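Q: Dumping the structure here so I can ask a few things about it.
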Amino acid sequence: MPMPQLSRSLISGFFQSLSRAPASAALELGDLSLSYEQLWNYAGRITACLKDVLDPSETVVAVLGDRSVAAYGGILGVLGAGRGYVPLNPKFPVERTLVMLQASGCRTVVVGKECAATLESLLPRLQKPLTLILADPGWRPQASVLPIHRVIPGENLSKTSSPCEPDVKAEDTAYLLFTSGSTGIPKGVAVSQSNVVAYMEYAARRFGIHGGDRCSQNFDLTFDLSVHDLFTCWDAGATLCPYSAQTLTPAALVDELGLTVWFSVPSVAMFASKLGLLQPGAFRTLRWSLFCGEALSASLAEAWQQAANNSILENLYGPTEATIAITWYRWNSATSPAECVRGLVPIGWPFDGQQVCAVDENLAPVPHGESGELCLGGSQVTRGYLNDPEKTARSFVRLKHTGEQIWYRTGDLVRQDERGCLYYLGRRDFQVKVNGYRVELQEIDLVLREAARTELAVAIPWPLSDGSASGIVGVLYGSDPAQDAAIIAACESRLPRYMVPNRIYHFPQIPLNVNGKIDRAKIAEMLTSPEL
């Protein structure tokens, strides 16, 4: 199948905004405000350096930064050099970052000074040399960790590249992200330029963000929803307003920062509700309220709508494999409550040009009104998993009634009504959302088993609310309760914080279902016992 012609690249919109209004604010980080021109002057130095040092075979470059000019400028710098970026999260355990770095094949990393400690922990574990571009002048890692690595200090980044459209093809990687993997190894998803451009062009039409907007930036850069944050904002010439890591709740900044566009997982809104922040009319500046990443309850949607009473509220849905989001549902206080199933807001209709299909176990379409696994098709669907043809073949399939088209099997159970509206019913497998992050429970099972030295270790999302969890607990059989702290510490060394069990339970036996498999539903039921 021939690749579509590329109308633009991911960075094109930023360059257009730079050309139209170079003095407009592009990024606000606390008291620091950078115009589009200033941000590109920073990013352009990274682009110029990359053009000098990269081998033609290096198609992706890692960016290690956290809510800093280095992080955002690093992403723009990599894209400006015609490469895809691989965000690395300094809050992740070093072991996980090492796996991501090695799997990506990155040989060059752009690093912000806020990640110095992470870098110094990471470097001694690498067997192959890296080129390290220190995005900020005036700092260097400790010499003892640098013997095999090439370092380009920030003060040497004196040349700035002009803001020229990079020479990229439709199939070139725009960014590479890693999702939780059931085998304990994160799965790499390379999102192409054509995949993300399809999303951006639709988002521009749908949301109509403009130069006067002030956009939230709630998601970690390793979460694909962050791509929406950055580039729908910069495409429009608007101002990106990341929340500080010290902020109690991002929702508290809506009024303080004068935000007009909000995007987060529902858990953030839930936390705001518990703190009493969702008072009627509290967020009058908002004109868009977008939620994605986990199920949105009807009660929370209505509470947020009352707080942001001047905004349009939409529930978006989409996995990383289908590029950010691919369906939408617009909340209507008068009619939407009656359309909700089990108290959850529908996930709605596909974006223009994208396709959805609910199928049975044989991948045949199910009639309207019946439950089936949601499959996604269209220009936003990616090519598969990085260097993993077996997983790709299981998840990226052909449906008999659609010829050679490739569809992504989401594992989500839905039903579709006669209008074409989709209703989320749950998961086909053991993948769950924890505070908006997609998590494979089997990955945590594996780490728990090894840490506890027992074959019967089960990760349970707990407590559950509206189809999502606020945390994970571990349930063990045959281990010593005195080792609980050590088990959790072992998990912390290998898993991101949101995947680490916050408590360990010891059961005298692990319940099994009729097929002899561990009965997670029964375990979750047992956790409600007052005796625990």
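The values are calculated or read from the model by the stated rules, or taken from the named source; none is laboratory data. Just so you know, these numbers come straight off a predicted model, no measurement behind them. Quick reminder, even Gly has a Cβ in these numbers, built from the backbone with ideal geometry, and neighbours come from all protein chains shown.
Q: Inspect the range 479-501 for any residue being assigned to a loop (DSSP other than H, G, I, E, B), hydrophobic (A, V, I, L, M, F, W, C) and farther than 30 Å from L296 by Cβ and give the result as yes or no.
A: In the first step, residues of the range 479-501 are kept if they are assigned to a loop (DSSP other than H, G, I, E, B); the result is 479-480, 495-496, 500-501.
Narrowing further to those that are hydrophobic (A, V, I, L, M, F, W, C): 495, 500.
From what is left, the residues that are farther than 30 Å from L296 by Cβ are none.
Within the range 479-501, none of the residues are assigned to a loop (DSSP other than H, G, I, E, B), hydrophobic (A, V, I, L, M, F, W, C) and farther than 30 Å from L296 by Cβ.
Q: I'm trying to understand the selection: among the residues of the range 178-202, which are part of a loop (DSSP other than H, G, I, E, B) and hydrophobic (A, V, I, L, M, F, W, C)?
A: Pass one, the range 178-202, residues part of a loop (DSSP other than H, G, I, E, B): 180-186.
Across the range 178-202, the qualifying residue is only I185.
Q: So, one more: For the range 380-435, please list each of the strands (runs of 3 or more DSSP E) lying entirely inside it that holds at least 2 residues being of a type in the set (S, T, Y) and either surrounded by 16 or more Cβ atoms within 10 Å (Cβ to Cβ) or free of Cβ contacts under 8 Å to residues at least 60 places away in the same chain (or both). Break it down stepwise before answering.
A: Working: elements: 396-398, 406-416, 422-427, 431-434.
Because the criterion is at least 2 residues that are of a type in the set (S, T, Y) and either surrounded by 16 or more Cβ atoms within 10 Å (Cβ to Cβ) or free of Cβ contacts under 8 Å to residues at least 60 places away in the same chain (or both), the strands (runs of 3 or more DSSP E) in the range 380-435 that meet it are 406-416, 422-427.
Q: Looking only at the range 141-177, which residues are part of a loop (DSSP other than H, G, I, E, B), polar (S, T, N, Q) and either touching an Asp or Glu at 6+ places or on another chain (Cβ under 9 Å) or crowded, with 18+ Cβ neighbours inside 10 Å (or both)? Steps first, please.
A: Pass one, the range 141-177, residues part of a loop (DSSP other than H, G, I, E, B): 141-142, 146-149, 153, 157-172.
Okay, now just the ones that are also polar (S, T, N, Q), so 142, 158, 160-162.
If the condition is that a residue be part of a loop (DSSP other than H, G, I, E, B), polar (S, T, N, Q) and either touching an Asp or Glu at 6+ places or on another chain (Cβ under 9 Å) or crowded, with 18+ Cβ neighbours inside 10 Å (or both), then Q142, S161 are the ones that fit.
Q: For the range 214-247, which residues satisfy the criterion of being charged (D, E, K, R) and within 15 Å of S17 (Cα to Cα)?
A: Start the filter on the range 214-247 by keeping residues that are charged (D, E, K, R), which leaves 214, 220, 224, 229, 235.
Of everything in the range 214-247, those that are charged (D, E, K, R) and within 15 Å of S17 (Cα to Cα) turn out to be R214, D235.
Q: Looking at the range 364-379 only, could you name the residues that are surrounded by fewer than 18 Cβ atoms within 10 Å (Cβ to Cβ) and of a type in the set (A, V, I, L, M, F, W, C)? Lay out the reasoning, then the answer.
A: Going residue by residue through the range 364-379, those that are surrounded by fewer than 18 Cβ atoms within 10 Å (Cβ to Cβ) are 364-371.
A364, V366 - these are the residues of the range 364-379 that are surrounded by fewer than 18 Cβ atoms within 10 Å (Cβ to Cβ) and of a type in the set (A, V, I, L, M, F, W, C).
Q: Could you please find all residues in the range 310-340 being closer than 26 Å to T285 by Cβ, in a loop (DSSP other than H, G, I, E, B) and either touching a Lys or Arg at 6+ places or on another chain (Cβ under 7 Å) or in contact (Cβ under 8 Å) with a residue 40 or more places away in the chain (or both)?
A: Answer for the range 310-340, where residues must be closer than 26 Å to T285 by Cβ, in a loop (DSSP other than H, G, I, E, B) and either touching a Lys or Arg at 6+ places or on another chain (Cβ under 7 Å) or in contact (Cβ under 8 Å) with a residue 40 or more places away in the chain (or both): N310, S311, I324, A325.
Q: Go through (1) at pLDDT below 95; (2) closer than 25 Å to G293 by Cα; (3) small (G, A, S); (4) more than 20 Å from the chain's Cα centre (by Cα) and name the single condition S479 misses.
A: (2)
Q: Being modelled with pLDDT under 95 and either under 21 Å from the mean Cα position of the chain (by Cα) or buried (at least 16 other Cβ atoms within 10 Å of the Cβ) (or both), is that true of even one residue in the range 344-360?
A: Checking the range 344-360: at least one residue is modelled with pLDDT under 95 and either under 21 Å from the mean Cα position of the chain (by Cα) or buried (at least 16 other Cβ atoms within 10 Å of the Cβ) (or both).
Q: Looking only at the range 43-68, how many residues end up being in a strand (DSSP E or B) and either farther than 17 Å from D136 by Cα or touching a Gly at 6+ places or on another chain (Cβ under 8 Å) (or both)? I'd like the intermediate steps shown before the answer.
A: Within the range 43-68, the subset in a strand (DSSP E or B) is 60-64.
The next check asks that each one be either farther than 17 Å from D136 by Cα or touching a Gly at 6+ places or on another chain (Cβ under 8 Å) (or both); those that pass are 60-61, 63-64.
Total meeting the criteria: 4.
Q: Conditions: (1) under 22 Å from Y85 (Cα atoms); (2) not aromatic (F, W, Y); (3) not in a strand (DSSP E or B). R205 meets all but one. Number of the miss?
A: Single failed check for R205: (1).
Q: Does L300 count as closer than 26 Å to R438 by Cβ, at pLDDT 90 or above and either in contact with a Lys or Arg (Cβ under 8 Å, 6 or more places away or on another chain) or not in a strand (DSSP E or B) (or both)? Before you say what the answer is, go through the steps one by one.
A: Numbers: closer than 26 Å to R438 by Cβ: yes; at pLDDT 90 or above: yes; either in contact with a Lys or Arg (Cβ under 8 Å, 6 or more places away or on another chain) or not in a strand (DSSP E or B) (or both): yes.
Yes.
Quick grid of which residues meet (1) surrounded by 21 or more Cβ atoms within 10 Å (Cβ to Cβ); (2) in contact with a Cys (Cβ under 6 Å, 6 or more places away or on another chain); (3) farther than 25 Å from T222 by Cα:
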position: E440; (1), (2), (3): yes, no, no
position: E443; (1), (2), (3): yes, no, no
position: L446; (1), (2), (3): no, no, no
position: E450; (1), (2), (3): no, no, yes
position: R453; (1), (2), (3): no, no, yes
position: I460; (1), (2), (3): yes, no, no
position: Y477; (1), (2), (3): no, no, yes
position: P481; (1), (2), (3): no, no, yes
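Q: From K91, K51, which residue is within 21 Å of S161 (Cα to Cα) and charged (D, E, K, R)? Step through it out loud before you land on a result.
A: Values: K91 fails: within 21 Å of S161 (Cα to Cα).
When all the criteria are applied, what remains is K51.
Q: Okay, moving on. Could you tell me whether the range 250-266 includes any residue that is over 22 Å from K91 (Cα atoms), in contact (Cβ under 8 Å) with a residue 60 or more places away in the chain and in contact with a strand residue (DSSP E or B) (Cβ under 6 Å, 6 or more places away or on another chain)? Full working, then the answer.
A: Restricting attention to the range 250-266, the residues satisfying the condition of being over 22 Å from K91 (Cα atoms) are 252-262.
Filter once more, so that each one left must be in contact (Cβ under 8 Å) with a residue 60 or more places away in the chain: 257.
Add one more test, that the residue is in contact with a strand residue (DSSP E or B) (Cβ under 6 Å, 6 or more places away or on another chain), and what stays is 257.
Yes - at least one qualifying residue is present in the range 250-266.
Q: I would also like to ask the following. Step by step: first the residues of the range 25-42, then only those that are of a type in the set (D, E, K, R) and either touching a residue at least 12 places away in the same chain (Cβ under 8 Å) or in a strand (DSSP E or B) (or both), then the one that is farthest from L76 (Cα to Cα). Which residue is that? Working first, answer last.
A: Filtering the range 25-42 for residues of a type in the set (D, E, K, R) gives 28, 31, 37.
If we keep only those that are either touching a residue at least 12 places away in the same chain (Cβ under 8 Å) or in a strand (DSSP E or B) (or both) as well, we get 28, 37.
Details: E28: 16, E37: 12 Å.
Restricting to residues being of a type in the set (D, E, K, R) and either touching a residue at least 12 places away in the same chain (Cβ under 8 Å) or in a strand (DSSP E or B) (or both), the top hit is E28.
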